[in-house]
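Beneath this line is the structure, given in structure tokens, with notes to follow.
Just so it is clear, none of the values below were taken in a lab; they were calculated from the coordinates. Keep in mind that what you see is a predicted model, and the values were worked out from it rather than measured.
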Amino acid sequence: MATTCASAGSETVEPNTPDVSESAIAAMKVDDLRRRLRGRGVKGTGELKKPELVKKLIKLEVAGAKKSAKRTGSAKAGAGKAKR
């Protein structure tokens, strides 16, 4: 089941993203959203409205969580191999 973010226009984002708290992101103040996005290298945040900022940050967080999960999964897969 997909999770939704009510403050961002009730858009469906990504299903199964337990590492990303969409409701916490939606509850953030605009200045905090802009600061977090700028910290991730996103430019032009001053022109965006809160729903756009929320959507963009959630998208980045989901991508980061997926990337992190891939690294963790590949490290676990290699840990089970026997040495010869």
So if each residue of separation counts as 0.36 nm, and I subtract the Cα-Cα distance between residue 38 and residue 23, what length gain in nm does that give? 3.4 nm
Could you work out how much longer the chain between residue 30 and residue 71 gets when fully extended? Use 0.36 nm per residue separation minus the Cα distance between them, nm to one decimal. 11.6 nm
